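Worksheet: one structure, shown below.
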Amino acid sequence: MRSVALLLVSCVLLSFILGHVKEVEAQKDIFLGGCGKDGNKTCIDDFVKKGASKPKSCECDDFGDEHLCRCIM
């Protein structure tokens, strides 16, 4: 009987924890030009100019004449 109660409590706690995890929305896009000195700021500015909502943070990778932005919204 104790093991059944322990299993039940564990399942309830696990479902409670998993139910409150926030889903992270990420976006990727390619823009003209390089990342510059501050790639995070460059990507945030590019997404705002595009009309998207302002990302929380970004990573920038240079690819020749373009840069790839990976941002968490």
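Among residues of the range 49-73 that are under 16 Å from ALA26 (Cα atoms), those with a beta-carbon under 9 Å from a residue that is of a type in the set (Val, Ile, Thr) and part of a strand (DSSP E or B) at least six positions away or on a different chain give the pairs PRO55/ILE72; LYS56/ILE72; SER57/ILE72; CYS58/ILE72; LEU68/ILE30; CYS69/ILE30. If you check VAL4, VAL24 for being of a type in the set (A, V, I, L, M), in contact (Cβ under 8 Å) with a residue 40 or more places away in the chain, out of contact with any Asp or Glu (no Cβ under 9 Å at 6 or more places or on another chain) and exposed (fewer than 10 other Cβ atoms within 10 Å of the Cβ), only one passes: VAL24. Taken over the range 37-56, the criterion of being loosely packed, with under 13 Cβ neighbours inside 10 Å and touching a helix residue (DSSP H, G or I) at 6+ places or on another chain (Cβ under 6 Å) is satisfied by LYS54 alone.
Readers should treat all values here as calculations from the given coordinates under stated rules, not as data from a laboratory. Not measured: the values here are computed from a predicted model. Reconstructed Cβ throughout: ideal geometry from the backbone, glycine too, with neighbour counts over all protein chains shown.
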